[in-house]
Amino acid sequence: DTAVSQTPKYLVTQMGNDKSIKCEQNLGHDTMYWYKQDSKKFLKIMFSYNNKELIINETVPNRFSPKSPDKAHLNLHINSLELGDSAVYFCASSQFTVETQYFGPGTRLLVL
Amino acid sequence: DQQVKQNSPSLSVQEGRISILNCDYTNSMFDYFLWYKKYPAEGPTFLISISSIKDKNEDGRFTVFLNKSAKHLSLHIVPSQPGDSAVYFCAASAIGTYKYIFGTGTRLKVLA
């Protein structure tokens with residue numbers, strides 16, 4: 001039974017399109033995160049939500065909008081996709097902030 | 001400015017020998033450190049952690065050492081096994097920041 005799941009696993013799309021990535025955790029955790037791993041393998045935090053409330057918003061373009069309908073879900077919507085958005089996006093969750101984080105399998109986004 | 005650095009992108013070790021993975025950090029406010037292991041096409045999985053009040057934490061074959069004065073931590077795996085072959089990330093967090101900063105990873109290959 002997958003603890004942190006992401007859909008889709010792969011996403012290939014054209015520049016300028018709008019796309020969403022979904023994340024769900026069944027661990028009962030309060031905090032969820034989105035990370036981006038770029039071509040240089042840097043794993044950088046983008047957003048964090050605690051009990052559906054945004055607590056971390058790094059310097060991410062406002063084309064990226066996270067949405068947390070409930071504690072178990074944190075979706076990432078990306079508008080007007082650009083080539084530089086190509087990366088692997090990981091969702092993660094933890095019981096409290098700054099506790100051990102459990103990662104999803106990643107979504108590989110390729111913008112053409 | 002990269003606050004967490006893993007200067008060795010790769011490491012090869014013979015099965016049964018010790019693997020030592022290193023991590024340096026620049027922010028003296030970091031007080032909690034994690035090591036994650038990542039297999040291809042999967043998300044990172046938590047391995048071991050250490051708080052700044054300790055200088056060593058051990059869990060089976062895995063030991064993490066923290067040298068606060070040198071701002072250095074290391075992960076020792078002994079004995080190394082082929083199944084340990086993966087990318088290892090260290091991550092650090094400063095109290096009150098609610099986030100982890102990740103290193104760029106070290107690819108460990110354990111040779112049978």
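The values are calculated or read from the model by the stated rules, or taken from the named source; none is laboratory data. These figures come from a predicted structure and were not determined experimentally. So basically every Cβ, Gly included, is an ideal-geometry build from the backbone, and we count neighbours across all protein chains shown.
Observations on the structure shown:
- Residues (more than 11 Å from every other protein chain (Cβ to nearest Cβ), outside any loop (DSSP other than H, G, I, E, B) and under 15 Å from the mean Cα position of the chain (by Cα)) located in segment A:1-22: A:Thr7, A:Leu11, A:Lys19, A:Ser20, A:Ile21, A:Lys22
- Top-ranked residue in segment B:58-86 [being surrounded by fewer than 21 Cβ atoms within 10 Å (Cβ to Cβ) and β-branched (Val, Ile, Thr); ranked as farthest from the other protein chains (Cβ to nearest Cβ)]: B:Val78
- Index of the failed condition, A:Ser68 passing every other in (1) more than 14 Å from every other protein chain (Cβ to nearest Cβ); (2) assigned to a loop (DSSP other than H, G, I, E, B): (2)
- If the condition is being within 11 Å of another protein chain (Cβ to nearest Cβ) and either under 10 Å from the mean Cα position of the chain (by Cα) or modelled with pLDDT of 95 or more (or both), then segment A:74-98 contributes A:Val88, A:Tyr89, A:Phe90, A:Cys91, A:Ala92.
- Candidates A:Thr107, A:Thr59 - the one that is at negative phi, out of contact with any strand residue (DSSP E or B) (no Cβ under 7 Å at 6 or more places or on another chain) and either within 14 Å of chain B (Cβ to nearest Cβ) or free of Cβ contacts under 8 Å to residues at least 60 places away in the same chain (or both): A:Thr59
- Restricting segment B:71-96 to residues that are part of a loop (DSSP other than H, G, I, E, B) and free of Cβ contacts under 8 Å to residues at least 40 places away in the same chain, the residue that is farthest from the chain's Cα centre (by Cα) is B:Gly96.
- Some residue of segment B:46-56 being under 19 Å from B:Leu11 (Cβ atoms), assigned to a strand (DSSP E or B) and not polar (S, T, N, Q): yes
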